[in-house]
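Enquirer: Dropping a structure here in structure tokens format, bear with me for questions.
The values are calculated or read from the model by the stated rules, or taken from the named source; none is laboratory data. Model, not experiment: these values are computed from the prediction. A quick note on method: Cβ atoms are made from the backbone with ideal geometry, for glycine too, and the neighbour counts reach across all protein chains shown. The protein model used for the area step is the full one, side chains on, heavy atoms only, and it has no ligands, DNA or RNA in it. Shrake-Rupley method; radii C 1.70, N 1.55, O 1.52, S 1.80 Å.
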Amino acid sequence: MGRYVIRRLLQFIPTVLGTMFLLHYMTSLAIQFSGNPVRAIFGDRTPPPALLQAITDRLGYGDPCLEQKGNPCFGLFLDRVSGVFLHFDFGINLRRQEVTDLVANAIPFTLKLLVIAIVFEAVVGIAAGVWAGLRGGSFADNLVKISTVFVISVPIFVLGVVVREFVGVKFGNILRDQEWIPDVIAYGFFSPGFKPDYPFASLLIPGMVLGSVALATTARLTRTSIMENIRADFVRTARAKGLANKRVIGVHTLRNSLIPVITYLGVDIGSAMAGAVVTETIFNVPGIGRLVTQAARTGESPVIIGVVTMLVLVILLVNLLVDLLYAVLDPRIRYE
Amino acid sequence: MSDATSAGAAVGGAPGSGDGRAPEKKSRSGKERNASLWADARRQLVRDPVFMIAVLYIFVVGTMAAFPKLWTSQDPRACSTDQSRLAPSWEHPFGFNIQGCDYYSHAIYGARPSMVIAIMATGGIVLFGGLMGLLAGYYGGWVDGIISRLMDIFFSLPFLLGAIVFLTLIKQQNVVTIALVLFLLSWPTIARIIRGSVISSKDLDYVQAARAVGAGNGRLMFRHILPNAIAPMLVYATIVLGSFVAAEATLTFLGIGLQPPAQSWGIMISAHDVYFLEDPWLLLFPCGLLIGTVLSFILMGDALRDALDPKFR
């Protein structure tokens, strides 16, 4: 176990550096082939050369290697890596605000959204998966199968837009006309976007939309794993001992079946962070995701690079923790 | 995406007896049940109504993309603003969009960019990812070490985030750059599938026999080992086509994909999502086409996996 942890940690360092270099090389290539990104901020107008030069230098795009096509710009990469790891510096935006500050302001919303999404997909997904797995081939099984295929095939932004309009606006308007419904439900839970007055209730629906993508996979994974385990010898032994059905299912089957599901949920935190970009844009949640899309629309590239670098580091860290957790959780796996 | 990965990997473990010439030999002996993997799969697929409906739908969308003139004689760019958001009628089955352009022809012409991007990106990942997986699995050792680390690196950059960074900076958001970024960020999955499949079959007896006879590395890889990996690759490629169609629309919706005046389903959705309550059909038609296409690809992939996996027989 100890050797596995050390090996995994040693593998982690080149992966982090490699991913950061990939991100760096992609951005450098894009700049080398399409010119100074600062021009995008001005749109059609031609900025005075001095102003252009000043902004370019301030944002760190003045390096001459960004004009040579194909040059990997190692010097710039070293600067960025040392900036990130030694000074916790992820760059600045046009108004000279630190990207770390922008993220610090936005992160509570994204974290709340992620928690709602993960809890939703874990509770509903595992319940549906257990229900379908215990009755293989039945109506319940087919229902879960069909609805999961359907959920997988609906892109998250389509789902988000349709839910916002149907549930948030149309159904919400009906509720808001009724006098007897409390405001938390009518104006909070069923609001078509994020409301600062109801910081938790109005995040519930966006969180569910975000969680619904992985919900299908969670349900399928639980279903397959339950179906495998229910035929296992140790479950038959438990039944032969005369244990109650509740205990056989709840303790002997479910606990063993949940190992792959929990790992999947852990890995999914990473993809949910990326998915939050879409969900937050649709529901106007002032989190990290909306920060990224707004910066993408105005062409404020330093913000995007800083935030994405930060997100990638977090995702890598989460994946590392999940891998280590997996080694602890599953007694069948021995890395020696 | 990750479900598609596990879908492909599920088949990866089973080295099929896929060899193009097998069915001829078997069919002469007259025994229908013992045909090759591919003949069995074909028979099962033709009888599967879900698969046939999905194929038909993809065929329809494919003809829309390849020959839009077959489906409509209207020009999607002949617009007049006094027809803005007119409801569907017989002459114009999808009505008019916000700029007063015929929405039906817009939807027909919108199929092309999605399909072209999906096919280009999938072709790219099959060729490049397949080659990388083949090399890593066959040679092992330091080749495998380098390629696997490279896959880890590309794998840890989430697709959406990488695409946002690249497309914002490149500023030329057209079919080629979108296909490029899709290809760049998703080749490792297919490489992993192929690598696993190659590793599981490279030490089989018939490969050893071929090596003993004196077959070279290239011949061993492409004639003897690669055919085993084709089944899982085909399943994954079908599913990934669907996810690329969805990815193109998602990027367009976020404002970093295709830009108007190009026609695409993603543009149709993002331009009209605020008119949903007054004119829901403006959103329902493109969403329906998009979901139908993605769903068809996923169902086709599922059916292919069931048909090509000998364990399900």
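Enquirer: Return the residues of the range A:247-268 that are closer than 16 Å to A:Thr217 by Cβ and open to solvent by 40 Å² or more (accessible area, probe 1.4 Å); say none if nothing qualifies. Step through it out loud before you land on a result.
Expert: Kept after step one, since they are closer than 16 Å to A:Thr217 by Cβ, are these residues of the range A:247-268: A:257-268.
Listed by number, the residues that qualify are A:Pro260, A:Ile262, A:Val267.
Enquirer: Exactly one of (1) surrounded by 19 or more Cβ atoms within 10 Å (Cβ to Cβ); (2) facing chain B (nearest Cβ under 7 Å) is unmet by A:Phe33. Its number?
Expert: Going through (1) surrounded by 19 or more Cβ atoms within 10 Å (Cβ to Cβ); (2) facing chain B (nearest Cβ under 7 Å) one by one, A:Phe33 breaks only (1).
Enquirer: While we're on this one: Would you check if there is a residue in the range A:319-333 being within 11 Å of chain B (Cβ to nearest Cβ) and over 30 Å from A:Arg8 (Cα atoms)?
Expert: no
Enquirer: Between a first residue in the range B:28-51 that is over 17 Å from B:Pro232 (Cα atoms) and a second residue that is at pLDDT below 60 and assigned to a helix (DSSP H, G or I), which pairs have beta carbons less than 8 Å apart while being 6 or more apart in sequence or on different chains?
Expert: B:Asn34/B:Lys26; B:Ala35/B:Ala22; B:Ala35/B:Pro23; B:Ala35/B:Lys26; B:Ala35/B:Ser27
Enquirer: Would you confirm whether any residue within the range A:62-70 is part of a helix (DSSP H, G or I), within 14 Å of another protein chain (Cβ to nearest Cβ) and free of Cβ contacts under 8 Å to residues at least 60 places away in the same chain?
Expert: Taking every residue of the range A:62-70 in turn, at least one turns out to be part of a helix (DSSP H, G or I), within 14 Å of another protein chain (Cβ to nearest Cβ) and free of Cβ contacts under 8 Å to residues at least 60 places away in the same chain.
Enquirer: If a residue has to be surrounded by 14 or more Cβ atoms within 10 Å (Cβ to Cβ) and not β-branched (Val, Ile, Thr) to count, how many in the range A:73-85 make the cut?
Expert: Here the count works out to 6.
Enquirer: Sticking with this one: Taking the options A:Val292, A:Val277, name whichever one is open to solvent by less than 10 Å² (accessible area, probe 1.4 Å), closer than 22 Å to A:Phe120 by Cα, part of a helix (DSSP H, G or I) and at the interface with another protein chain (Cβ under 10 Å from one of its Cβ atoms).
Expert: When all the criteria are applied, what remains is A:Val277.
Enquirer: Please name all residue pairs, on different chains or six or more residues apart, with Cβ atoms under 6 Å, provided the first residue is in the range A:120-138 and is not assigned by TED's automatic domain parsing to the domain that holds A:Thr253 and the second residue is of a type outside the set (Gly, Ala, Ser) and surrounded by fewer than 16 Cβ atoms within 10 Å (Cβ to Cβ).
Expert: Hits for this filter: zero, empty list.
Enquirer: In addition: Closer than 21 Å to A:Leu221 by Cα and either within 7 Å of another protein chain (Cβ to nearest Cβ) or at pLDDT 85 or above (or both), is that true of A:Ser271?
Expert: Criteria met by A:Ser271.
Enquirer: Would you check if there is a residue in the range A:28-36 being in contact with a His (Cβ under 9 Å, 6 or more places away or on another chain) and closer than 19 Å to A:Gly306 by Cα?
Expert: Checked against the condition, which is being in contact with a His (Cβ under 9 Å, 6 or more places away or on another chain) and closer than 19 Å to A:Gly306 by Cα, the range A:28-36 yields no hits at all.
Enquirer: Taking the range A:86-130 as the search range and keeping residues that are closer than 18 Å to A:Leu215 by Cα and in contact with a Pro (Cβ under 9 Å, 6 or more places away or on another chain), which one is surrounded by the fewest Cβ atoms within 10 Å (Cβ to Cβ)?
Expert: A:Lys112
Enquirer: On the basis of being in a helix (DSSP H, G or I) and in contact (Cβ under 8 Å) with a residue 60 or more places away in the chain, does A:Arg80 make the cut?
Expert: The answer is yes for A:Arg80.
Enquirer: Listed residues A:Ser138, A:Ser147; which is hydroxyl-bearing (Ser, Thr, Tyr) and more than 14 Å from every other protein chain (Cβ to nearest Cβ)?
Expert: A:Ser138
Enquirer: Being open to solvent by less than 30 Å² (accessible area, probe 1.4 Å) and touching a residue at least 12 places away in the same chain (Cβ under 8 Å) narrows it down to one of B:Val235, B:Val165, so name that one.
Expert: Answer to the check: B:Val235.
Okay, residues lined up against (1) within 26 Å of B:Ile119 (Cβ to Cβ); (2) within 12 Å of chain A (Cβ to nearest Cβ):
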| residue | (1), (2) |
| --- | --- |
| B:Val213 | no, no |
| B:Gly216 | no, no |
| B:Ala247 | yes, yes |
| B:Ile256 | yes, yes |
| B:Ala262 | yes, no |
| B:Leu282 | no, yes |
| B:Asp306 | yes, no |
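Enquirer: Are any residues in the range B:238-290 in contact (Cβ under 8 Å) with a residue 40 or more places away in the chain, open to solvent by 20 Å² or more (accessible area, probe 1.4 Å) and small (Gly, Ala, Ser), and if so, which ones?
Expert: To start, the set of residues in the range B:238-290 that are in contact (Cβ under 8 Å) with a residue 40 or more places away in the chain comprises B:238-251, B:254, B:256-259, B:261-268, B:271-272, B:275, B:278-279, B:281-282, B:285-286, B:289-290.
Next, only the ones that are open to solvent by 20 Å² or more (accessible area, probe 1.4 Å) stay: B:241, B:243, B:259, B:261-263, B:271, B:275, B:278-279, B:281, B:285, B:289.
Matches in the range B:238-290: B:Ser243, B:Ala262, B:Ala271.
Enquirer: So which residues in the range B:149-158 are touching a helix residue (DSSP H, G or I) at 6+ places or on another chain (Cβ under 6 Å) and either open to solvent by 10 Å² or more (accessible area, probe 1.4 Å) or free of Cβ contacts under 8 Å to residues at least 12 places away in the same chain (or both)?
Expert: B:Asp152, B:Ile153, B:Phe154, B:Phe155, B:Ser156, B:Pro158
Enquirer: Filter the range A:295-307 down to residues that are at the interface with chain B (Cβ under 9 Å from one of its Cβ atoms) and either over 17 Å from A:Leu23 (Cβ atoms) or of a type outside the set (S, T, N, Q) (or both) and give me whichever is most open to solvent (accessible area, probe 1.4 Å).
Expert: A:Arg297
Enquirer: For A:Val158, which of the numbered conditions (1) without any contact (Cβ under 8 Å) to a residue 24 or more places away in the chain; (2) closer than 30 Å to A:Arg220 by Cα; (3) away from chain B (no Cβ under 14 Å) fails to hold?
Expert: (3)
Enquirer: Does the range B:99-134 hold any residues that are free of Cβ contacts under 8 Å to residues at least 40 places away in the same chain and among the charged types (D, E, K, R), and which are they?
Expert: Across the range B:99-134, the qualifying residue is only B:Asp102.
For every residue, the table says whether it meets (1) touching a Pro at 6+ places or on another chain (Cβ under 7 Å); (2) not polar (S, T, N, Q).
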{"residue": "B:Ser200", "(1), (2)": "yes, no"}
{"residue": "B:Leu220", "(1), (2)": "no, yes"}
{"residue": "B:Ile230", "(1), (2)": "no, yes"}
{"residue": "B:Thr238", "(1), (2)": "no, no"}
{"residue": "B:His272", "(1), (2)": "no, yes"}
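Enquirer: Can you name every one of the helices (runs of 4 or more DSSP H) wholly within the range A:131-192 that holds 1 or more residues which are aromatic (Phe, Trp, Tyr)? Lay out the reasoning, then the answer.
Expert: Details: elements: A:139-153, A:156-163, A:172-177.
Correct list: A:139-153, A:156-163.
Enquirer: What's the number of the only condition in (1) at the interface with another protein chain (Cβ under 10 Å from one of its Cβ atoms); (2) surrounded by fewer than 21 Cβ atoms within 10 Å (Cβ to Cβ); (3) within 15 Å of the chain's Cα centre (by Cα); (4) of a type outside the set (Val, Ile, Thr) that B:Leu185 fails to meet?
Expert: B:Leu185 satisfies every listed condition except (2).
Enquirer: Here's another thing I want to ask about it. Considering the range B:61-78 alone, what residues qualify as being surrounded by 16 or more Cβ atoms within 10 Å (Cβ to Cβ) and either over 25 Å from B:Gly242 (Cβ atoms) or of a type in the set (A, V, I, L, M, F, W, C) (or both)?
Expert: B:Val61, B:Met64, B:Ala65, B:Trp71, B:Gln74
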